[in-house]
Amino acid sequence: MTSSRRSFLQLLAGGSLCLAEDSTTAAKPLRGVFPIAQTPFTDSDKLDLKGLLEQLHFIDRGGVHGFVWPQLASEWASLSESERIAGAEVLGTAAKKLRPALVLGVQAPSAEAAVRYAIHAKKVGANAIISLPPHGQIDEKTIAGYYQQLGAATDLPLFVQAVGNLSVPTLVEMYKSIPTFRYVKDEAGEPLFRIRELREQTKGELKIFTGSHGRTMIDEMNRGTSGTMPAASFADLYAMVWDSWQAGNHKEAMEMFGRISMLISEVNVYGIASLKYILQLRGVFQNHRTRESGNTPLDEKGKEIIRQMMEEIKPWLAS
């Protein structure tokens, strides 16, 4: 362990970072808005553990239900093993005293490596684990075998992130054969048209989450999904939509969703840099540095319109 990481964890353990004192370490519901956290980096391109922890507190203050790290929107493939371990330890310690359920991403190039991450997630107190299939793998039997090993590694609930051509029959067979697999983040095919099939063929026991920035969130909730995994940047607003809908206030939920739909359109264009830029505007991150390229570069004109949009929805922001 490096001296800087040791000092940070000692600071965390000593309570100097103002962790909440009124929360519980008991089992937490795996339902609602579970944002995929962004990964903050320092100006020298080091993992910013303090910024990662501040993002968790930001999600907690916003009344959001869960916190997921690291996945695609977290730039997980750019993280070293030591960075992933350090981040998981910091989050695991803090999340025990906060409201959001902690779901740690454990995907890796091999099942053996993913199993190691899963065992570590259990050790640090995660409430569940999530994994993408092995990168580039399209053989469904091989993918199922990967998840068989991962599901047997711990007793933590397993989220399968279904992407590419991972079919409904394969997911149903995995559900039947992997006792810990009871949650899916379905981004394969057109998820809206798979929700009923997955629910019917598992008698509602396989709980369905979706992604894609929650662009069809209202339709998804109407079809009986158990949650959504958008990005973290305005997860408090997604949580308001979810809570209003679940309380039967559908008009209120649709009005709020209409307000954030413009932001959904923008981040779909500008990608991870725009998500981090919003977190920077909201005082969570120190910068919007990324390690991975993709989408359209965030230029000054893009930043300008994002600032205007954030000002427009400011009255509804939790913090």
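Some notes on this structure:
- For Asp155: the one exception among (1) modelled with pLDDT under 95; (2) out of contact with any Leu (no Cβ under 8 Å at 6 or more places or on another chain); (3) not hydroxyl-bearing (Ser, Thr, Tyr): (1)
- Annotation: of all residues in segment 196-217 being among the aliphatic types (A, V, I, L, M) and in contact with a Phe, Trp or Tyr (Cβ under 7 Å, 6 or more places away or on another chain), the one that is surrounded by the fewest Cβ atoms within 10 Å (Cβ to Cβ) is Leu206.
- Residue selected from segment 176-192 under the condition of a type outside the set (A, V, I, L, M) and more than 23 Å from Leu102 (Cβ to Cβ), by the criterion surrounded by the most Cβ atoms within 10 Å (Cβ to Cβ): Pro191
- Within segment 300-319, the set of residues being in a helix (DSSP H, G or I) and among the polar types (S, T, N, Q) comprises just one member, Gln308.
- Meets criteria (outside any loop (DSSP other than H, G, I, E, B), surrounded by 13 or more Cβ atoms within 10 Å (Cβ to Cβ) and not aromatic (Phe, Trp, Tyr)) for Glu292: no
- In segment 29-72, the residues that are of a type in the set (Phe, Trp, Tyr) and touching a helix residue (DSSP H, G or I) at 6+ places or on another chain (Cβ under 6 Å): Phe67
- No other residue among Ser274, Ser265 is touching a residue at least 24 places away in the same chain (Cβ under 8 Å) and among the small types (Gly, Ala, Ser) apart from Ser274.
- Taken as a whole, the structure places Leu158 among residues that are free of Cβ contacts under 8 Å to residues at least 60 places away in the same chain and crowded, with 20+ Cβ neighbours inside 10 Å.
- Identity of the residue in segment 217-257, touching a Gly at 6+ places or on another chain (Cβ under 7 Å) and not in a loop (DSSP other than H, G, I, E, B), that ends up farthest from Leu281 (Cα to Cα): Gly227
- With respect to the conditions (1) out of contact with any Ser or Thr (no Cβ under 9 Å at 6 or more places or on another chain); (2) crowded, with 16+ Cβ neighbours inside 10 Å, Ser265 falls short on a single one, namely (2).
- Within segment 24-66, being among the polar types (S, T, N, Q) and either surrounded by 21 or more Cβ atoms within 10 Å (Cβ to Cβ) or not in a loop (DSSP other than H, G, I, E, B) (or both) holds for Gln38, Thr39, Gln55.
The values are calculated or read from the model by the stated rules, or taken from the named source; none is laboratory data. Since we're looking at a predicted model, the values are computed, not measured. For neighbour counting, all protein chains shown are included, and Cβ atoms are generated from backbone atoms with ideal geometry for every residue, glycine included.
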